[in-house]
1. Taking into account only those residues within region 32-46 that are of a type outside the set (A, V, I, L, M) and open to solvent by less than 20 Å² (accessible area, probe 1.4 Å), which is nearest to the chain's Cα centre (by Cα)?
2. I want to confirm something. Restricting to region 100-123 and keeping residues that are under 13 Å from the mean Cα position of the chain (by Cα) and more than 16 Å from GLN39 (Cβ to Cβ), which single residue is modelled with the highest pLDDT?
3. Scan region 80-100 for residues that are touching a residue at least 60 places away in the same chain (Cβ under 8 Å), closer than 17 Å to THR117 by Cβ and open to solvent by less than 10 Å² (accessible area, probe 1.4 Å) and jot them down.
4. Considering PHE29, PHE68, which residue is open to solvent by less than 30 Å² (accessible area, probe 1.4 Å) and in contact (Cβ under 8 Å) with a residue 40 or more places away in the chain?
5. Could you please find all residues in region 68-93 being assigned to a strand (DSSP E or B) and touching a Gly at 6+ places or on another chain (Cβ under 6 Å)?
Amino acid sequence: QVQLVESGGRLVQAGGSLRLSCAASGRTFSTLFMGWFRQAPGKEREFVTAIGWSGILPVYADSVKGRFTISRDNAKNTLYLQMNGLKPEDTAVYYCAAGRRGVLRNVEGYDSWGQGTQVTVSS
């Protein structure tokens, strides 16, 4: 399994921006489907966005479409999440995930998970 480590989360004011990173170990990153999920206190983990190995045709949850952008750098084994126009409801622990089944929106579709990074948006 690939090892994933997220970073970049912090406290930010509403309307601000953040870029999260997810560093992956191993030499198979370029062949993996990657996703970002988030989990707020007392809620289930929810899909945010996902991307294929080539980086084209990413998919987004409706709640973040137009504000968040997923990207990947296969040469650096790194996945990114650019978050603009942050809202208090974006507050959550953000997780990156890796899998081989496709660009999927469900938690069960991914085999490897990072430990998460906290994003807090103040109003």
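1. Step one: list which residues in region 32-46 are of a type outside the set (A, V, I, L, M), which gives 33, 35-39, 41-46.
Subset that is open to solvent by less than 20 Å² (accessible area, probe 1.4 Å): 35-38.
Details: GLY35: 5, TRP36: 2, PHE37: 5, ARG38: 8 Å.
The qualifying residue nearest to the chain's Cα centre (by Cα) is TRP36.
2. SER112
3. Matches in region 80-100: LEU81, MET83, LEU86, TYR94, CYS96, ALA97, ALA98.
4. Checking each option against the conditions leaves just PHE29.
5. First pass over region 68-93, keeping only residues assigned to a strand (DSSP E or B): 68-73, 78-83, 92-93.
Scanning region 68-93 gives ARG72, VAL93.
The values are calculated or read from the model by the stated rules, or taken from the named source; none is laboratory data. Everything numeric here is computed off the predicted structure, so don't read it as measured data. Every residue, glycine as well, gets a Cβ built from its backbone with ideal geometry; the counts of neighbours run over all protein chains shown. Areas reflect the complete protein model, heavy atoms only, side chains present, ligands, DNA and RNA absent. Shrake-Rupley method; radii C 1.70, N 1.55, O 1.52, S 1.80 Å.
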